[in-house]
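Report on the following structure.
The values are calculated or read from the model by the stated rules, or taken from the named source; none is laboratory data. The shown structure was predicted, so the numbers you read here are calculated from the model rather than taken from an experiment. Glycine also receives a Cβ, built like all others from the backbone with ideal geometry; neighbour counts cover every protein chain displayed. For the accessible areas, the whole protein counts, side chains as well, though only heavy atoms, and no ligand, DNA or RNA atoms are used. Shrake-Rupley method; radii C 1.70, N 1.55, O 1.52, S 1.80 Å.
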Amino acid sequence: SYWVRRVVADSGQGAKTGTDAMLWLHGLSVGRVWYQHFVSRFRHTTVVLVDLPWVTFNPFQSSAPRPADFCAGIAQVLALHGLSRVDVAAHSYGSFVVALVVSRP
């Protein structure tokens, strides 16, 4: 699952990065809800916050998806929302996941 917070209108403020959004992958925690307050501070960019259930404190989630399946899922989410270029950011274990995502075409 994921959460998207879109920029409603371009106010002319904030950094222009040439990208459509920021893709955020969380670290070891209770999940994306833990980071929603933090990423909501990025008011001048669309944010896509991906839930990584295998990196949470969820005792019922014990397996991770295959890397190809996870990367295909990310690509599908970005395409669904019309996002072709994103900045990728992560915290903690999410950094390992970022390395996986950016190493695939």
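Okay, here's what the table says:
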read-out: Some residue of region 49-56 being under 10 Å from the mean Cα position of the chain (by Cα), assigned to a strand (DSSP E or B) and under 21 Å from residue 22 (Cβ atoms); value: yes
read-out: Which numbered condition residue 38 fails, given (1) of a type in the set (A, V, I, L, M, F, W, C); (2) in a loop (DSSP other than H, G, I, E, B); (3) modelled with pLDDT of 75 or more; value: (2)
read-out: Count of residues meeting criterion [open to solvent by 40 Å² or more (accessible area, probe 1.4 Å) and either in contact with a Leu (Cβ under 7 Å, 6 or more places away or on another chain) or among the aromatic types (Phe, Trp, Tyr) (or both)] in region 38-64; value: 5
read-out: Within region 65-102, tally of residues that are surrounded by 14 or more Cβ atoms within 10 Å (Cβ to Cβ), modelled with pLDDT under 90 and of a type in the set (Val, Ile, Thr); value: 3
read-out: Filter result (at pLDDT 75 or above, among the polar types (S, T, N, Q) and under 14 Å from residue 86 (Cα atoms)) within region 1-35; value: 19
